[in-house]
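Undergrad: Please find one structure pasted underneath; my questions will follow.
No lab work stands behind these numbers, since they all come straight from the coordinates. Since the structure is predicted, the reported quantities are computational estimates derived from the model, not experimental observations. Glycine also receives a Cβ, built like all others from the backbone with ideal geometry; neighbour counts cover every protein chain displayed.
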Amino acid sequence: MKIIGLTGGIGSGKSKVLNEFKSFGVTCYEADKVAKKLMINDQELSNKIKSIFGSDIYYKNELDSNKLANLVFNDKNKLASLNAIVHPKVALDFKVFISKQKVPFVIKEAAILIESGAYKDCDLIILVTAPRSDRLKRVIKRGGLSEKDVIDRMRSQWEDEKKIPFADFVIENNDWEKTTPQIKKIYHQLSS
């Protein structure tokens, strides 16, 4: 079974691209969503997070993700500390997930797949790109984050130019009507 990594910076449209692959029946693993679940449900992990960021990072057993984001996206050391305890848990969960699959390939979606080094465990990499200005507009339009918050998160991720050399496929997501044929082409290549 092949593992296809799917990544892209905040606001690139990576989730929308992933949903398109899902619509073709592709088995997908959303590492970022799994990480959020584990940070709440895995007692060992939540205890480590509390020890690093303080017990008030959780309120009534719910992670205050905005508070955590404000801490880590303004401090590279705190972000590195969080990634160092979360990524191994996600990697373990992914191994269990893979062991249950009987398909030719799965797509593993993660925002910092390349930056974290997790791309090394993938057979192929799909990178979703979009102009920075478009990405900024998309994330602000989604709501919940200020322009400063979005820029802080963008700064914590590599620029597209730095990620492109790692990618086997690059999907330019400037205009959805032009994006969908790119996704279909990649899907057919992966399926053949």
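Undergrad: Roughly speaking, what is the centre-to-centre gap between region 1-57 and region 124-185 when only Cα atoms are used, to the nearest Å?
TA: Centre-to-centre distance over Cα atoms comes out at 17 Å.
Undergrad: Excluding same-chain residues fewer than 8 positions from K76, which lysines have a Cα within less than 17 Å of its Cα?
TA: Straight-line reach from K76, under 17 Å: K67, K148.
Undergrad: Region 27-86: D in µm²/s via Stokes-Einstein (Kirkwood Rh, Cα pairs, 37 °C, 0.692 mPa s)?
TA: 278 µm²/s
Undergrad: Right, something else. Going Cα to Cα from K14, which lysines come in below 18 Å? Please leave out same-chain ones fewer than 8 positions away.
TA: In chain and number order, the partners are K22, K33, K36, K108, K137, K141, K162, K163, K178, K184, K185.
Undergrad: Okay, moving on. Using a simple spin-label model with points 7 Å from Cα along the Cα→Cβ vector, what separation in nm is obtained for A80 and F24?
TA: Inter-label distance under the simple model: 3.8 nm.
Undergrad: Below 15 Å, Cα to Cα, which aspartates and glutamates can K120 reach? Residues fewer than 8 away in the same chain don't count.
TA: Answer for K120, where 15 Å is the Cα cut-off: E109, D168, listed by chain and number.
Undergrad: Another one. Mind ordering 144-151, 79-86 by average Cβ neighbours within 10 Å, highest first? Kindly include the intermediate steps, with their values, before the conclusion.
TA: On the way: 144-151: 14.0, 79-86: 16.2.
Per-residue Cβ counts within 10 Å, averaged per peptide and sorted highest first, yield 79-86, 144-151.
Undergrad: Taking the mean number of other Cβ atoms within 10 Å as a proxy for protection, how do you rank 123-136, 5-18, 55-68 from highest to lowest?
TA: Ranked from most to least packed, the peptides come out as 5-18, 123-136, 55-68.
Undergrad: Let me ask something else. Please arrange E159, E115 by how many other C-beta atoms lie within 10 Å of their C-beta, fewest to most.
TA: Ranked by crowding around the Cβ, least crowded first: E159, E115.
Undergrad: Based solely on its DSSP helices, what 222 nm [θ] is calculated for the chain when runs of n ≥ 4 H residues each add -39,500 (n - 2.57) and the sum is averaged over all residues, nearest 500 deg cm²/dmol?
TA: Numbers: 9 runs with 104 residues, N = 192.
Result for the chain: -16500 deg cm²/dmol, rounded to the nearest 500.
Undergrad: Another question about this same structure. Could you tell me what percent of the DSSP beta bridges with both partners in the chain are antiparallel, to the nearest 5?
TA: Counting only bridges with both partners in the chain, antiparallel ones make up about 10 percent.
Undergrad: List, in order, the whole-Hz ³J(HN,Hα) value for each residue of region 164-175 obtained from phi through the Karplus relation with A = 6.51, B = -1.76, C = 1.60 and θ = phi - 60°; use x for Gly and Pro.
TA: 3, x, 7, 8, 8, 9, 10, 9, 8, 10, 9, 9
Undergrad: Nearest 10 degrees is fine. How inclined is helix 176-191 to the longest principal axis of the chain, computing both from alpha carbons?
TA: Rounded to the nearest ten degrees, it is 80.
Undergrad: Amide H neighbours of F105 under 5 Å, at least 5 residues apart or on other chains, H built in the peptide plane: list them.
TA: Close amide H contacts, sequence-distant or interchain: K2.
Undergrad: Also, I was wondering about something else. How much length would be gained if the chain were fully extended between Q189 and K100, taking 0.36 nm per residue of separation minus their Cα-Cα distance, in nm to one decimal?
TA: Length gained, Q189 through K100: 29.6 nm.
Undergrad: What do you get for Rg/Rh of the chain when both radii come from the Cα atoms and Rh is the Kirkwood radius? Provide the component values of the computation, followed by the final result.
TA: Values: Rg = 16.9 Å, Rh = 17.5 Å.
With Rh from the inverse mean 1/r over Cα pairs, Rg/Rh is 0.96.
Undergrad: Over region 2-191, what is the mean sequence separation of C-alpha contacts under 8 Å (at least six apart), divided by residue count, expressed as relative contact order in percent?
TA: Working: 229 pairs, mean separation 74.1, N = 190.
It rounds to 39 percent for region 2-191.
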